[in-house]
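No lab work stands behind these numbers, since they all come straight from the coordinates. Quick caveat, the model's predicted, so the values are computed rather than measured. Backbone-built Cβ (ideal geometry, glycine too); neighbour counts: all protein chains shown.
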Amino acid sequence: MQGNTHIIGGIAASLAFAQVSQDNPLLLVGAGMVGALLPDICHGGSKIGKAFPLTSKLVNTLFGHRSFTHSILFVLLVAMLLQAINPYKAISEGILIGIASHILLDMGTKKGVKLFFPWSMSVRLPLTTKTGSKVEKILAVLFILLSLYLSYELLLKIMGTF
Ligand SMILES: [Zn+2]
């Protein structure tokens, strides 16, 4: 999936989590956007790959595309790292939700992801689409609508607490 789809997917996922969490929604969503871009560090042409070309090249050479950084192992390692270095729960949760939303979206592409890396089997959803396809664009619009709705709900909830 494309970077913009991942960003809006990460926003929708963290907004959904914000409905049931007591954490600061802005922190959650901001971290969710970062997390949603993180897995594509394995791909030099991605937004984050362009921002960190050397790291991206290294990760791509070591693991290839959509393998380690799109796996359960990666989620667990990032969770442990955040636990060790980051005292802000909302940021940690947002990043992990963003990563999870990214992996899930890429599972909706024909190529799938190496979810159980280092095991090399590709995992994908029963329904898939091509990156950049019309279906992906429709999906992005649906995520935008969902995000607007969730923001509205959240706003009502926040205003209700005053
Ligand atoms: Zn990806």
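Cα gyration tensor of the stretch 71-162, axes a ≥ b ≥ c as square roots of the eigenvalues: rounded (a/c below 1.5), prolate (a/b > b/c) or oblate?
oblate
What is the distance, in nm, between label points placed 7 Å from the Cα along the Cα-to-Cβ direction at S133 and at T161?
About 4.1 nm separates the two model spin labels.
Could you give the nm distance between label points at L81 and Y152, where each point is 7 Å from its Cα heading toward the beta carbon?
Calculated label separation equals 3.8 nm.
How about the stretch 83-144: which trypsin sites (Lys or Arg not before Pro) there are in a DSSP loop, with at most 12 other Cβ atoms within 10 Å of their Cβ?
Within the stretch 83-144, the qualifying trypsin sites (Lys or Arg not before Pro) (loop, at most 12 other Cβ atoms within 10 Å) are K110, K130.
Assuming 0.36 nm per residue, please report the length gained on full extension of the stretch L142 to M121 beyond their Cα-Cα distance.
Numbers: separation 21, 0.36 × 21 = 7.56 nm, distance 2.99 nm.
My answer for the length gained is 4.6 nm.
Just subtract the alpha-carbon distance of Q2 and K89 from 0.36 nm times their residue separation and send over the number in nm, one decimal.
Extra length available between Q2 and K89 comes to 28.5 nm.
Roughly speaking, what is the centre-to-centre gap between the stretch 137-162 and the stretch 18-86 when only Cα atoms are used, to the nearest Å?
24 Å
For the stretch 1-90, what size does the Cα cloud have along each of its three principal axes, sorted from largest down, in whole Å?
40, 29, 21
Kindly rank 50-56, 100-106, 6-12, 40-46 from highest to lowest mean number of other beta carbons found within 10 Å of each residue.
Values: 50-56: 12.4, 100-106: 22.4, 6-12: 25.1, 40-46: 19.6.
Ranking the peptides 50-56, 100-106, 6-12, 40-46 by packing returns 6-12, 100-106, 40-46, 50-56.
Please work out, to two decimal places, the log10 of the ratio I(q)/I(0) at q = 0.15, 0.17, 0.30, 0.31 Å⁻¹ from a Debye calculation in which every Cα of the stretch 7-51 carries one identical scatterer.
Log10 of I(q)/I(0), two decimals: -0.39, -0.48, -0.95, -0.99.
Tell me the Kirkwood hydrodynamic radius of the chain in angstroms, computed as one over the mean inverse distance between distinct C-alpha pairs. Please list the in-between numbers first.
Values: mean 1/r = 0.0622 Å⁻¹.
After inverting the pairwise mean of 1/r, the radius is 16.1 Å.
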